[in-house]
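Everything below concerns the one structure shown next.
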Amino acid sequence: MTLINSDIKSASSFLTSGELVAIPTETVYGMGANAFDAEAVKSIFAVKNRPFYDPLIIHTNSVKRLEEWGMHIPEQLEKLAQAFWPGPLTLLIEKSAMISDVVTAGLPRVAVRVPNHPLTLQLLAHCAFPVAAPSANPFGYVSPTRAEHVKKHFDGKISMILDGGPCVVGIESTIVGVEQGKVTVYRLGGISIEAIEAVVGEVLVRTSSSKPDAPGMLLKHYSPAKRVIAVDSQGEFEAKLNTQSACILFNLEAKGVPEKNLIRLSQSDNHSEAAQAFYSALRHWDDDASIHQIIVQRMPDFGLGRAINDRLKRAIV
Ligand code: TXA
Ligand code: MG
């Protein structure tokens, strides 16, 4: 049986004894295990059906604790940590010997993040270890932004889901590291490129790759069960529309679409609102046999719109 509640004491005792607990963060729910316990970490891969070459992010509640465990933020990334932690930013830093190769898939760097969720920050403060946590979805499927999304796939398979309500950012963290002296973004996410560049100046963006070593960015990922079609204009939208279509729109008009087949990502052209609603919308028609395809409007390609478009592209490949 999988417990679902918001009791951080139970969550920390399960984690301490090597069991899996799904944790809420501001981005998406994570599938958590004690990062110092290689066997516990292996069970994350097993339950998600995740290949061992795809490394995990470790979570803790402060930079100070990372330092106690022998992990240091390089100077070029310090300002980002100061500006955005706790928050939807993941930094790739040199790994310490305390972190097993299972976590990093044998890579020289480890991905670290201080998430901004009140319950999870308390939980992390309680734990004598960092918590390794990839998104709590079966590998390749859409990430979960609510406790019930996690329950749908993992009920009975993990010890507990810590219920922290719906995720407020709704899209995964932005992954940043340093490569050949340059601050490099490996995955678009909850902190926009514009916000990062406002802190550290121009960055390299290296997000598009089918190479498994390329952080976080397998081409096919984030896919719902139904066929997904992306459209840019009113004309293109209307040309694809049929009675078996569900629609996820930002600001296009939805003439003739029944209410039950339409989700609006934002009522006010707001990219943050759109990101928050996006994954939940992609999952919405999974069990609806009357829907054969989901037509999704591409976002204006800036701010969080760019990260949403990135996920949309990978949902279609
Ligand atoms: O917002 C998030 O980042 C969520 C929440 C739970 O924190 N986590 C998340 O984890 O999205 P996941 O595993 O779904 O995506 C993490 C990505 C991986 O696909 C991996 O390729 C990249 O981060 N990554 C992790 N460790 C790495 C490393 N040592 N070197 C390069 N890339 C790494
Ligand atoms: Mg994931």
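The values are calculated or read from the model by the stated rules, or taken from the named source; none is laboratory data. Nothing here was measured: the structure is a model prediction, and the numbers come from that model. Don't worry about glycine lacking a Cβ; one is built from the backbone with ideal geometry, like all the others, and counts go over all protein chains shown.
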Original post:
Looking at Ala81, is it modelled with pLDDT of 95 or more, in contact with a strand residue (DSSP E or B) (Cβ under 6 Å, 6 or more places away or on another chain) and hydrophobic (A, V, I, L, M, F, W, C)?
Top reply: no
Subject >> Odd one out for Ser233 among (1) surrounded by fewer than 17 Cβ atoms within 10 Å (Cβ to Cβ); (2) small (Gly, Ala, Ser); (3) within 14 Å of ligand 1 (Cβ to nearest atom); (4) at pLDDT 95 or above >> reply: (3)
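Return the residues of the range 11-45 that are within 16 Å of ligand 2 (Cβ to nearest atom) and over 16 Å from Thr104 (Cα atoms); say none if nothing qualifies. Can you show your working first?
Keep residues of the range 11-45 that are within 16 Å of ligand 2 (Cβ to nearest atom), which gives 20, 22-33, 41, 44-45.
Within the range 11-45, Leu20, Ala22, Ile23, Pro24, Thr25, Glu26, Thr27, Val28, Tyr29, Gly30 qualify.
Would it be correct to say that Ala97 is hydrophobic (A, V, I, L, M, F, W, C), at pLDDT below 95 and away from ligand 2 (no atom under 16 Å from the Cβ)? It would help to see each step written out before you state the result.
Numbers: hydrophobic (A, V, I, L, M, F, W, C): yes; at pLDDT below 95: yes; away from ligand 2 (no atom under 16 Å from the Cβ): yes.
Taking the combined requirement at face value, the residue satisfies it.
Only one of these is surrounded by 13 or more Cβ atoms within 10 Å (Cβ to Cβ), over 18 Å from Ile171 (Cα atoms) and at pLDDT below 95: Ala254, Ala214. Name it.
Working: Ala254 fails: at pLDDT below 95.
It is Ala214.
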**OP:** Tell me, yes or no, whether the range 187-206 has at least one residue that is in a loop (DSSP other than H, G, I, E, B) and at pLDDT below 90.
**Re:** no
Original post:
Which numbered condition trips up Ala97, out of (1) within 14 Å of ligand 1 (Cβ to nearest atom); (2) part of a loop (DSSP other than H, G, I, E, B)?
Top reply: (1)
Subject >> Odd one out for Lys157, checked against (1) surrounded by 15 or more Cβ atoms within 10 Å (Cβ to Cβ); (2) assigned to a loop (DSSP other than H, G, I, E, B) >> reply: (1)
**OP:** Look at the range 114-141 and say how many of its residues are of a type in the set (A, V, I, L, M) and outside any loop (DSSP other than H, G, I, E, B).
**Re:** 7
Original post:
Do the conditions hold for Val103, that is, is it farther than 15 Å from Thr174 by Cα, within 12 Å of ligand 1 (Cβ to nearest atom), in the same structural domain as Val199 (by TED's automatic domain parsing) and not in a loop (DSSP other than H, G, I, E, B)?
Top reply: yes
Original post:
How many residues, within the range 165-184, are part of a loop (DSSP other than H, G, I, E, B) and within 26 Å of Leu312 (Cα to Cα)?
Top reply: 9
